[in-house]
Each structure stands twice: as structure tokens, then as C-alpha cells.
Amino acid sequence: MCGIVGFSGDFRYQDLDSAISAIAHRGPDDSGIFKDDLQKVGFGHTRLSIIDLSENAHQPMLSEDESIVIIFNGEIYNFKDLKLDLKNKNYNFKSQSDTEVILKLYMNEGIEFLRKLKGIFSLAIYDKNNGNIYLVRDNIGVKPIYYHQSDKGIIFSSEIKAINEFLIKNNDI
């Protein structure tokens with residue numbers, strides 16, 4: 001199990017650190033943060049390394065040109081088949097992770113890639129090219145993603161207590 005947390009809007013980046021700490025038990029092996037000061041977007045991830053234990057599978061994971069960012073929690077059962085298809089389309093991979101496969105699949109097909117995923121997951125993708133953030137979970141909801149939306153923007157996470165780190169510290173409850 002991993003943990004994801006993020007926001008888009010008028011929130012403080014230091015609260016992202018607190019939110020990651022609140023869900024650290026979900027991923028004791030690694031953690032990472034992505035910040036886009038211009039667009040006021042922040043992503044955080046705590047990692048439980050299972051498939052690819054290397055630094056190449058670190059999250060948040062960015063595309064080569066850094067225009068697309070993903071954080072992911074879950075397991076994609078058919079990622080090896082999807083990876084093979086992408087390799088046949090001349091995509092190169094640095095890791096053995098299902099996260100990188102999802103990232104490249106999004107780059108190849110846009111949000112329609114979701115139809116190909118078989119597994120349990122929650123994820124967030126930030127696409128700087130169109131300014132969109134996509135929050136997605138599997139159809140059954142095995143890997144949850146909670147969110148809070150207000151005039152300030154949106155906060156999301158694998159657990160509500162990470163969202164509360166933003167709300168309590170900003171007196172937004």
C-alpha cells in the first residue's frame with residue numbers, strides 16, 4: 001500500500017509535508033513531493049516498494065519533459081502486457097514499475113487509457129499541457145481517494161487525516 005496526497009489551489013506547501021507525515025505508515029520505504037508554484041499544485045507520495053525497489057520507480061513520477069506528473073497507489077495486473085504494447089510503439093522505460101506504464105499510457109492515449117487498466121488503484125495525474133488534474137480510482141473503490149473542495153481549491157488523499165492537515169492548519173473546517 002502507498003499513500004497519495006495533493007492539492008490544487010490556494011494552500012500552503014508546508015502543509016503538504018504534514019499531510020505526507022500523516023500517511024507515512026502507508027509507505028515507509030520512500031516519499032516524495034512535487035511542487036508547481038506557478039499553477040499552485042502540489043503532489044506528495046509515500047511509497048511501499050513492491051514491484052520495483054529502485055530509485056527509478058520514485059514518485060511523484062514525471063514524464064521526460066516534466067509536463068506530466070503522476071502519483072499512484074495500487075496494482076495494475078496487466079501492466080506487463082500494456083508495457084509491451086507501448087514498447088512496440090517505441091516508448092522506452094527506466095523502471096519496472098506499473099506507475100511508469102500508466103504514465104506512458106496516458107502520454108500515448110490521454111485519459112482514455114483508463115479503459116485498459118485492470119487492477120486496484122487510485123491515482124492523480126497533473127498534465128501541465130492542458131492544466132488538468134485527473135483524480136481516478138478503480139471502479140470498485142478498493143484503493144480510496146478522498147477529496148475536499150472549497151473556494152480555495154481541492155485537496156485529495158488516500159486518507160482523510162491527510163486532508164485534515166490542510167484544513168485544520170488553515171482554519172478551513
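Take the Cα of residue 132, step 7 Å toward its Cβ, do the same at residue 39, and the gap between the two points is 1.2 nm.
Atom-type composition of the exposed protein surface of the chain places 46 percent of the accessible area on carbon and sulfur (1.4 angstrom probe).
When each of the peptides 18-26, 35-43 is scored by how many other beta carbons lie within 10 Å of its residues on average, the order from highest to lowest is 18-26, 35-43. Based on C-alpha pairs under 8 angstrom that are at least 6 apart in sequence, the chain has a relative contact order of 26 percent. The angle between the Cα long axis of helix 98-109 and the main principal axis of the chain comes to about 80°, on a 0 to 90 degree scale. Neighbours of residue 144, meaning other residues whose beta-carbon lies under 15 angstrom from its beta-carbon, give a summed charge of +1 when Lys and Arg score +1 and Asp and Glu score -1.
The spacing between segment 68-109 and segment 121-146, judged by their C-alpha centroids, is 15 Å. Taking the longest Cα principal axis of the chain as reference, the axis of helix 160-169 is set at about 40 degrees.
Of the GluC sites (Glu not before Pro) found in segment 44-152, the ones in coil according to DSSP and having at most 11 other Cβ atoms within 10 Å of their Cβ are 64, 66.
Per residue, the chain exposes 50 Å² of solvent-accessible protein surface, assessed with a 1.4 angstrom probe and all protein chains in place.
With a threshold of 20 Å on the Cα-Cα distance, the over-threshold entries among 89/116; 40/143; 94/118; 83/116; 35/83 are 40/143; 94/118; 35/83. Working from Cα positions, state the angle (0 to 90°, nearest 10) between the long axis of helix 13-22 and the longest principal axis of the chain. With rounding to tens, the tilt is 80 degrees. Extending 7 Å from Cα along the Cβ direction at residue 149 and again at residue 84 yields two label points whose distance is 4.0 nm. Computed with the Debye formula from one identical point scatterer per Cα of the chain, without solvent, the log10 of I(q)/I(0) at q = 0.12, 0.16 Å⁻¹ comes to -0.50, -0.89.
The values are calculated or read from the model by the stated rules, or taken from the named source; none is laboratory data. Predicted model only: the values in this text are computed from it and were never measured. Every residue, glycine among them, receives a Cβ derived from its backbone with ideal geometry; neighbour counts consider all protein chains shown. Calculation scope for accessible area: heavy atoms of the full protein, side chains included, ligands and nucleic acids excluded. Shrake-Rupley method; radii C 1.70, N 1.55, O 1.52, S 1.80 Å.
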